[in-house]
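Derivation of every value follows stated rules applied to the coordinates shown; laboratory data play no part. As the structure is a prediction and not an experimental result, all values here were calculated from the model. Here the Cβ is made from the backbone with ideal geometry for all residues, glycine too, and neighbour counts use every protein chain on show.
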């Protein structure tokens, strides 16, 4: 794979994002702890959001966040549609198989999540999942992602984000950037299960913005 923005390339020192998923098999891992909290917040959002809803997952990996929830919530499968954006072909294939097995109406888009053009035809969404991104990109790209997320949202949409407490701990900055972008904080769970993991939930109170194509958002650095 070549070095591209936003995805899960393995060259140029970036980690193996297929093997990365192995940590989910260990319930004591920090990634498992984060996944449990992300899924709990998705379930809570589904509980308070009736009717047909659309979900967008950026850098979706194998789809554990939303597909793992729908695995357990059979009654919600018919009303939840959406798209999973994932660059790695192996992870995308796993997600496609999972989508087919669940019988849900989700697109798996094998493309670079780090550019706005990828999201043409996939947005707006009622729930935008930005999980597992912010710990792998620069602070400037995190701020750009927060501001760009408004282009991915339907009116009143919810954005779920994650970022660990690695140095520098940008959690307070991320929360401030969301507030400056027109979001209201619903929740921010920190030090999840004794780990440095953080899961934030934001609701858009400002008007959504039009998707501007051809704009870079972020580049993975590890």
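With an a/c value under 1.5 for the gyration tensor axes a ≥ b ≥ c computed over the alpha-carbon atoms, segment 32-141 is described as rounded. Over all distinct Cα-Cα pairs of segment 162-222, the Kirkwood formula returns a hydrodynamic radius of 13.4 Å.
With N set to the number of residues, divide the alpha-carbon radius of gyration of segment 120-222 by 2.2 N^0.38 Å and report two decimals.
Numbers: Rg = 13.2 Å, N = 103, 2.2 N^0.38 = 12.8 Å.
Its radius of gyration relative to the 2.2 N^0.38 Å reference: 1.03.
Protection proxy ranking of 146-152, 135-141, by the mean of other Cβ atoms within 10 Å over each peptide's residues and highest first, is 146-152, 135-141.
Computed over the alpha carbons of segment 19-204, Rg followed by Dmax gives 15.2, 42 Å.
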